[in-house]
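Before any comments, here is the structure.
The values are calculated or read from the model by the stated rules, or taken from the named source; none is laboratory data. Please read these numbers as outputs of a predicted model, since none were measured by experiment. All Cβ positions, glycine included, derive from the backbone under ideal geometry; neighbour counts span all protein chains shown. The area values use the complete protein model at the heavy-atom level, side chains included, leaving out ligands, DNA and RNA. Shrake-Rupley method; radii C 1.70, N 1.55, O 1.52, S 1.80 Å.
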Amino acid sequence: MRFYLYYLVLLGFSSVISTYGPHQRAQKTGDILLGGLFPMHFGVTSKDQDLAARPESTECVRYNFRGFRWLQAMIFAIEEINNSSTLLPNITLGYRIFDTCNTVSKALEATLSFVAQNKIDSLNLDEFCNCTDHIPSTIAVVGASGSAVSTAVANLLGLFYIPQISYASSSRLLSNKNQFKSFMRTIPTDEHQATAMADIIDYFQWNWVIAVASDDEYGRPGIEKFEKEMEERDICIHLSELISQYFEEWQIQGLVDRIENSSAKVIVVFASGPDIEPLIKEMVRRNITDRIWLASEAWATTSLIAKPEYLDVVVGTIGFALRAGEIPGFKDFLQEVTPKKSSHNEFVREFWEETFNCYLEDSQRLRDSENGSTSFRPLCTGEEDIMGAETPYLDYTHLRISYNVYVAVHSIAQALQDILTCIPGQGLFSNNSCADIKKIEAWQVLKQLRHLNFSNSMGEKVHFDENVDPSGNYTIINWHRSPEDGSVVFEEVGFYNMRAKRGVQLFIDNTKILWNGYNTEVPFSNCSEDCEPGTRKGIIESMPTCCFECTECSEGEYSDHKDASVCTKCPNDSWSNENHTSCFLKEIEFLSWTEPFGIALALCSVLGVFLTAFVMGVFIRFRNTPIVKATNRELSYLLLFSLICCFSSSLIFIGEPQDWTCRLRQPAFGISFVLCISCILVKTNRVLLVFEAKIPTSLHRKWWGLNLQFLLVFLFTFVQVMICVVWLYNAPPASYRNHDIDEIIFITCNEGSMMALGFLIGYTCLLAAICFFFAFKSRKLPENFTEAKFITFSMLIFFIVWISFIPAYFSTYGKFVSAVEVIAILASSFGLLACIFFNKVYIILFKPSISLQ
C-alpha cells in the first residue's frame, strides 16, 4: 500500500514537472541546480478573458535585449565556476532559467516549477525509482528583476526556505526579513535613492515638481519615501501620479493633460521602463519637450526609452545608475552566441530572430506567419554576423545589472564552497555539524548565505546580513544626443556616495550637464519667481508653502539674498536702507555743543553767568549804599552765587550724556534752585516778621540774626541734598541710547526714578510756593523797604515756567528733553535775576541819588 501511494505521488509530480511551467527555458543539468528568473520580454498581451472557452496562456511581447544579456551573465558565471579548479572542484552547477515577461503571473508560473521539484525530492523516492532523467532540486534562485515580481516570488519561495538573490529589485519593502525570510539582493535599496533624488532637487534649488511612480511594490514605496524627504526639505510636489504599462489610453491622456497644464517643469519618475513608456509616447505625440526628467535606476539606462524617436522629449534626463562592474571574458562570451551552439538555451532563437528581424527554420513564429497570425519576416540561417547588428545586447561598456547577476551567482557558489570545505565541529548547523554537499538542501544554502562574507572581483565586501541591505554608490548620468548618429549617450556627470556623511554625499559637475540637449543654464521649476533682495516670501492663502508672493521688508528689516523666507532685523544701532537690502548705521543725536540750538542755549547760560557776576560785582562795589544794605546783602551775595550755580547747571545738560553727567545734572540743578529759593524765602519772611512786629525790637533782631538766616538756608538746602543722596544711592541715573526712533539713536539720560525727580522738583516748587505766599503778603509794605512785589513777580514767572515744563517734558523725546529742561532753568533763572536785581542795579548805576536815600 505504501509503495502504491508513493508511486501515485511520483507519477503525479512527474507529470506536473514535465508539463507545468513555461515551455521556453534555458536548462542545463548538473550536480547542483540554480534557478533563474529574467525578463526576456517587457510585458504580456492584455486579453479580456470571458471564460467562454478554456483560458489560454498570455503571450509575452516586446523583446528585452538587456534581459537576455542578464541571462547570459548568469550562464557565463556558472560556466566560469564549472571551469574553475579552485571553486567547487568536481562539482558541476546546472541551471533552469525562465522568462518572467516582467509580470507576476509568469514569474509565479516559473517559481512553482522550482517548488514542485523540491517537493518531489523531499519525499525521498530514490528507493522506488531509479530515474536517469531525474532533475535535482533548485537550491537557490537568481532573480527577479522588478520589485513587484520579486515580492510575489519571495512570498512563495520563503514558504520553502529557498534562497532568492535579486539583481535588480530595490524596493525598500523587501528589506522586511520577517516577511521575506529567504530574500537577498545585490542591489542597494531605494531608501538611499529617494534621498539622493531629493538631494538633487535641493541642489538645483527646485521646489515645484511632479512625481510619477509605477503602481506596484517598486514605485509606491519609492515615491512614498521620496515625498517624505521632500517634506523635510520644504519642497512641494504639485502632482503625484501612479502609472502602469497596462493603463488604458484615456488614463494616459488624462495624466499627460495634468502634466501639460502644470507649471512644474521637473518630473521625478520611480518606475520601470515598460511602465513609463506609454507616458513618453503620448508626450512625444504632443511634442512636450520643455520638461526635465529625473529617472530612478529602473529606467535611467533602459534601451526601451533611450531611443532616438523619444529623444526630443527625454534628452537632458538626469538619472541614477548603479556603479558599473567588470566581468573579464564576458565580452567574448556575448559575441560567441549562435542558435546552433546554444541548444541548451531556447531563448537564443528568439534573440536571433529579433536581432536580425527574421525567422529561423522550424520556428514556431514562422508557422504562425504562414498562417497570417504574425507579420512576415525573411528567413535567416543562424550564421549571421552578430557584430554587425545594432543591439543593446552588445552594449557591454557599462555592466551594471549584468554585474549584479554575476555577483549573485558567485555568492551562491561561495556559499557552496564554504559548505564543501566545512570542518566538522565548526559548521553552522546543529552541534556545529556541516551540511553534506552531495545531499544539500535549499534551507542549508540559505543558512550559509546569511553568514557569507567574501570579496567580489572589484574588491567589495559581499554579505547578506539579516539586518543590513547592500550599500553602494550611484552614478549620476545625463542623457545627451550623439552628434554622430543622434543616439542616446549616457554622460556621467556626478555620483552619490551612500557611505559619506550627509551633506557631502552628492557631487555634480555642472559643466557637463546639458539641459534639454543643448542648454547649460539650470531650468526653472519653482512655483513662484525668486524674490529679489529687499523682499521676503509671503504666504498665499490656500496655496502650498512653495507658492508665495514677494513682500517688501518692513522698516528696520532687510534681506540681502534672493528667496529670503524672513527679513532680518537690523541691529539696534542700524537701520535699513531705502531698498531694504542692507543696513546702515543710525545717526546718533544728542544736544550737542556744535549744533546751533546747543550753541544758543550755551550762550544764554554763559550770558546768565556773566550778568549774575556783573550784578554781584555791582553789589560788592556799592555794598555800603542804603539800597544794598536794605536787601540783606549777605543773603543777596548767597542768592547771586546760587543763581550762578543755576545758570552753570544748565551747561551740564549740553553735550553727549555720560553716566557721570547724568548723575550730576539733576542734583546740581535741584540743589542750586533750592539754595536760591531758600535765600529768597528767608529774606522775605524776615522783612515780613520785622514789620508785622511794629517795632523792630532787639529780640527780633536777635531772633533773625545773620547766623540764623544762614542756618535756615542750610536746613532747607540740606533736605534737597538728602533727596539727591537717596536718589543716587537707590536708582542712579545713567546714559541711555534710545533706539525707538527710525534711523536715529538718541542718547539721553535715564533718570533712574521719575518719582525721585518728582520729589526734587516738587520740593523746589513747595519752597517757591511758600516764598510766593510771604511775598504776596508783604506786597503792601513801604516801598522803600521791600522787594515783595518783585519777588512776587519772580515767583509767578517761576511757577509759569515749571508748570509749563511738566507737560513739555513728557511730550518731547530725544535731545529735546534736555533742551526743554535747559530752557526751563534759564527762563526761571533769568526771571529771578531780572525781577529781584535788575531794578536795583538800575537805581545804583543810573539813579545814584535814590540809592543813597
Of residues in segment 204-227 being touching a residue at least 24 places away in the same chain (Cβ under 8 Å) and in a helix (DSSP H, G or I), the one most open to solvent (accessible area, probe 1.4 Å): LYS225
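One line per residue, one yes/no per condition, for (1) of a type in the set (Ser, Thr, Tyr); (2) modelled with pLDDT under 85; (3) farther than 18 Å from ILE440 by Cα; (4) open to solvent by less than 20 Å² (accessible area, probe 1.4 Å):
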residue	(1), (2), (3), (4)
HIS134	no, yes, no, no
ILE139	no, no, no, yes
ALA144	no, no, yes, yes
LEU156	no, no, yes, no
SER170	yes, no, yes, yes
LEU173	no, no, yes, no
ASN178	no, no, yes, no
LYS181	no, no, yes, no
Conditions (1) at pLDDT below 90; (2) open to solvent by less than 60 Å² (accessible area, probe 1.4 Å); (3) of a type in the set (A, V, I, L, M); number of the one not met by VAL504: (2)
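Looking only at segment 719-731, decide whether some residue is in the same structural domain as GLU656 (by the TED database) and in contact with a Cys (Cβ under 8 Å, 6 or more places away or on another chain). Write out each step before concluding.
Let us first name the residues in segment 719-731 that are in the same structural domain as GLU656 (by the TED database), namely 719-731.
Subsequent filtering for residues that are in contact with a Cys (Cβ under 8 Å, 6 or more places away or on another chain) retains none.
No - not one qualifying residue is present in segment 719-731.
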Top-ranked residue in segment 533-570 [being more than 20 Å from LYS265 (Cβ to Cβ) and out of contact with any strand residue (DSSP E or B) (no Cβ under 7 Å at 6 or more places or on another chain); ranked as least open to solvent (accessible area, probe 1.4 Å)]: PRO533
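For segment 387-403, give me the residue count where each residue is at pLDDT 90 or above and either touching a helix residue (DSSP H, G or I) at 6+ places or on another chain (Cβ under 7 Å) or closer than 20 Å to GLN448 by Cβ (or both). If you could, list the steps in order and put the result at the bottom.
So the first thing to find is which residues in segment 387-403 are at pLDDT 90 or above, and the list is 401-403.
Within this subset, residues satisfying the condition of being either touching a helix residue (DSSP H, G or I) at 6+ places or on another chain (Cβ under 7 Å) or closer than 20 Å to GLN448 by Cβ (or both) are 401-402.
Selection size over segment 387-403: 2.
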Count - residues of segment 166-197 that are in contact with a Lys or Arg (Cβ under 6 Å, 6 or more places away or on another chain) and hydrophobic (A, V, I, L, M, F, W, C): 1
Residues satisfying the stated conditions in segment 335-345, i.e. part of a loop (DSSP other than H, G, I, E, B) and either surrounded by fewer than 17 Cβ atoms within 10 Å (Cβ to Cβ) or modelled with pLDDT under 85 (or both): GLU336, THR338, LYS340, LYS341, SER342, SER343, HIS344
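Table: residues versus (1) open to solvent by 50 Å² or more (accessible area, probe 1.4 Å); (2) closer than 22 Å to PHE810 by Cβ; (3) free of Cβ contacts under 8 Å to residues at least 40 places away in the same chain; (4) among the small types (Gly, Ala, Ser).
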position: TRP727; (1), (2), (3), (4): no, yes, no, no
position: HIS739; (1), (2), (3), (4): yes, yes, no, no
position: GLU743; (1), (2), (3), (4): yes, no, no, no
position: MET754; (1), (2), (3), (4): yes, yes, yes, no
position: THR764; (1), (2), (3), (4): no, yes, no, no
position: PHE772; (1), (2), (3), (4): yes, no, yes, no
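Determine whether ALA298 is open to solvent by 10 Å² or more (accessible area, probe 1.4 Å), modelled with pLDDT under 95 and not in a helix (DSSP H, G or I). Before the answer, list the steps.
On the way: open to solvent by 10 Å² or more (accessible area, probe 1.4 Å): yes; modelled with pLDDT under 95: yes; not in a helix (DSSP H, G or I): yes.
Yes; evaluated as a whole, the condition is true for this residue.
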Every pair of residues 6+ apart whose Cβ atoms lie under 9 Å, when the first sits in segment 105-117 and is among the hydroxyl-bearing types (Ser, Thr, Tyr) while the second is part of a helix (DSSP H, G or I): SER105/ALA152; THR111/ALA152; THR111/VAL153; THR111/LEU156; THR111/LEU157; SER113/VAL16; SER113/ILE17
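When you go through SER482, SER542 one by one, which is the residue that is closer than 29 Å to ASP290 by Cβ, at pLDDT below 85 and among the hydroxyl-bearing types (Ser, Thr, Tyr)? Please lay out each step first, then the result.
Values: SER482 fails: at pLDDT below 85.
That would be SER542, the only listed residue that is closer than 29 Å to ASP290 by Cβ, at pLDDT below 85 and among the hydroxyl-bearing types (Ser, Thr, Tyr).
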The lone exception for HIS344 - which of (1) in contact with a Lys or Arg (Cβ under 7 Å, 6 or more places away or on another chain); (2) within 29 Å of MET458 (Cα to Cα) it fails: (2)
Scope segment 706-723; condition more than 17 Å from ARG633 (Cα to Cα) and among the aliphatic types (A, V, I, L, M); matching residues: LEU715, VAL719, VAL721, MET722, ILE723
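Looking at segment 637-650, can you tell me whether even one residue there is without any contact (Cβ under 8 Å) to a residue 24 or more places away in the chain and more than 60 Å from the chain's Cα centre (by Cα)? Explain how you work it out, then say what you get.
If we filter segment 637-650 for residues that are without any contact (Cβ under 8 Å) to a residue 24 or more places away in the chain, which is where we start, we get 637.
Applying the additional criterion that residues be more than 60 Å from the chain's Cα centre (by Cα) yields 637.
Scanning segment 637-650 turns up at least one residue that is without any contact (Cβ under 8 Å) to a residue 24 or more places away in the chain and more than 60 Å from the chain's Cα centre (by Cα).
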Near pairs, Cβ below 7 angstrom, 6+ apart or cross-chain, from segment 775-797 (assigned by the TED database to the domain that holds CYS679 and farther than 17 Å from SER636 by Cα) to any residue that is modelled with pLDDT under 70 and assigned to a loop (DSSP other than H, G, I, E, B): SER778/THR786
Matching residues in segment 394-451 - criterion: being surrounded by 15 or more Cβ atoms within 10 Å (Cβ to Cβ), polar (S, T, N, Q) and farther than 19 Å from ILE32 by Cβ: SER402, ASN404
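Got at least one residue in segment 518-533 being under 30 Å from ILE654 (Cα atoms) and not assigned by the TED database to the domain that holds VAL489?
Within segment 518-533, not a single residue is under 30 Å from ILE654 (Cα atoms) and not assigned by the TED database to the domain that holds VAL489.
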Test: residue in segment 782-802 that is open to solvent by 40 Å² or more (accessible area, probe 1.4 Å), part of a loop (DSSP other than H, G, I, E, B) and modelled with pLDDT under 75: yes
Members of segment 614-636 found to be within 19 Å of CYS676 (Cβ to Cβ) and surrounded by 15 or more Cβ atoms within 10 Å (Cβ to Cβ), listed by number: VAL615, MET616, VAL618, PHE619, VAL628, THR631, ASN632, ARG633, LEU635, SER636
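On the given criteria, is SER528 under 30 Å from ILE200 (Cα atoms) and either in contact with a helix residue (DSSP H, G or I) (Cβ under 7 Å, 6 or more places away or on another chain) or surrounded by 14 or more Cβ atoms within 10 Å (Cβ to Cβ) (or both)? Show your work before the answer.
Numbers: under 30 Å from ILE200 (Cα atoms): yes; either in contact with a helix residue (DSSP H, G or I) (Cβ under 7 Å, 6 or more places away or on another chain) or surrounded by 14 or more Cβ atoms within 10 Å (Cβ to Cβ) (or both): yes.
For SER528, the condition - under 30 Å from ILE200 (Cα atoms) and either in contact with a helix residue (DSSP H, G or I) (Cβ under 7 Å, 6 or more places away or on another chain) or surrounded by 14 or more Cβ atoms within 10 Å (Cβ to Cβ) (or both) - is met.
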Complete set of residues in segment 649-680 that are over 11 Å from GLU821 (Cα atoms), buried (at least 24 other Cβ atoms within 10 Å of the Cβ) and among the hydrophobic types (A, V, I, L, M, F, W, C): PHE673, VAL674, CYS676, ILE677, CYS679, ILE680
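When you go through ILE288, ILE276, ILE252, ILE200 one by one, which is the residue that is modelled with pLDDT of 90 or more, assigned to a loop (DSSP other than H, G, I, E, B) and of a type in the set (A, V, I, L, M)?
Details: ILE276 fails: assigned to a loop (DSSP other than H, G, I, E, B); ILE252 fails: assigned to a loop (DSSP other than H, G, I, E, B); ILE200 fails: assigned to a loop (DSSP other than H, G, I, E, B).
Being modelled with pLDDT of 90 or more, assigned to a loop (DSSP other than H, G, I, E, B) and of a type in the set (A, V, I, L, M) holds for just one of ILE288, ILE276, ILE252, ILE200, which is ILE288.
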